[in-house]
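The values are calculated or read from the model by the stated rules, or taken from the named source; none is laboratory data. The structure displayed is predicted, hence computed values, not measured ones. Don't worry about glycine lacking a Cβ; one is built from the backbone with ideal geometry, like all the others, and counts go over all protein chains shown.
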Amino acid sequence: MFWAIFRMVLQMARNNKPQLIYIIPNLFTAASAFIGVISILTSVKGDFQKAAIFILISLVFDGLDGRVARLTKTTSKFGAEFDSLADIVAFGVAPAVLFYYSIGIHYGKVGSLLTAMYVVFGAIRLARFNVMIGISEPSVFIGVPIPTAAVVLAMWIMIHQRYLFFRDFDFIIVLGVAILSLLMVSNIRYPSFKKIDLEKQNFLKVLIYLIMVFSLVYIFPIESISIIITIYLFYGLFRGIYNFWIAKYKKT
């Protein structure tokens, strides 16, 4: 239904007023920022599960804007800048506020510091990404992308809210926010999955893995997504540490 309406609007824009087509991808960007603000207000009200869900919805719109822009051939410098501003709201401020009101507020100045550090380092990550467009390798991210960090933090807090026994381990999430912030501005490389090898010999293997992942997500959505995204986070971290020690060993 959604895509039928979208195609109809797209066709009308092409036929009647071609300049209006440039609005479509920016509407998705605006929706991402709008829902991010709703997440912030929801966190302030104390409904942390719903606030985390809004962050995930923002991620969907954020993923659509770039794809729609490429599909309609309406990529622009304005769209890229607008996307970054929307990202700092939806994936910087929104998860930081969620963390602060759910956990950080109980840690005084440390909680306030980590909340601010997450937003500032997220902004640095976005700025670095913008200046490295066309220079960096397309198959990897340099540092954790801010949308990934936002999803990690949102899922951790959803788990924290769902299972009462995690309430005694708040300090782990506090430490995790510090690690997330540093990983965003680090030089550690993370796979981007933009170029997945889908040749015949790998197609069946990828298909089986995807079916297994989607099955887990269907049965245990919060738990499985939390585990998968956390594994991805620490995979890059441990690989970076491993490569550092290997390089240091070879020099000696």
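A residue that is small (Gly, Ala, Ser), loosely packed, with under 12 Cβ neighbours inside 10 Å and at positive phi can be found somewhere in the range 113-136. All told, residue 131 falls short of being touching a helix residue (DSSP H, G or I) at 6+ places or on another chain (Cβ under 8 Å) and of a type in the set (Val, Ile, Thr). Among residues of the range 134-188 being modelled with pLDDT under 85 and among the charged types (D, E, K, R), the one that is farthest from residue 48 (Cα to Cα) is 137. Among the residues that make up the range 142-150, is at least one of them touching a residue at least 12 places away in the same chain (Cβ under 8 Å), out of contact with any Lys or Arg (no Cβ under 6 Å at 6 or more places or on another chain) and under 19 Å from residue 44 (Cβ atoms)? Checked against the condition, which is being touching a residue at least 12 places away in the same chain (Cβ under 8 Å), out of contact with any Lys or Arg (no Cβ under 6 Å at 6 or more places or on another chain) and under 19 Å from residue 44 (Cβ atoms), the range 142-150 yields at least one hit. Output the number of the condition that residue 63 fails; it satisfies all remaining conditions of (1) closer than 23 Å to residue 183 by Cα; (2) at pLDDT 85 or above. Unmet condition: (2). Taking the criterion of being free of Cβ contacts under 8 Å to residues at least 60 places away in the same chain and over 18 Å from the mean Cα position of the chain (by Cα), the residues of the range 92-115 that qualify are 100, 101, 102, 105, 108, 109, 112, 113. Does residue 48 satisfy the condition of being crowded, with 19+ Cβ neighbours inside 10 Å, at pLDDT 90 or above and of a type outside the set (S, T, N, Q)? For residue 48, the condition - crowded, with 19+ Cβ neighbours inside 10 Å, at pLDDT 90 or above and of a type outside the set (S, T, N, Q) - is met.
For first residues located in the range 58-77 and in a helix (DSSP H, G or I), partners that are modelled with pLDDT under 75 and lie 6+ apart or on another chain with Cβ distances below 6 Å form the pairs 69/75; 72/21. Scanning the range 145-175 for residues that are hydrophobic (A, V, I, L, M, F, W, C), under 16 Å from residue 224 (Cα atoms) and either buried (at least 20 other Cβ atoms within 10 Å of the Cβ) or within 15 Å of the chain's Cα centre (by Cα) (or both) yields 151, 152, 153, 154, 155, 156, 157, 158.
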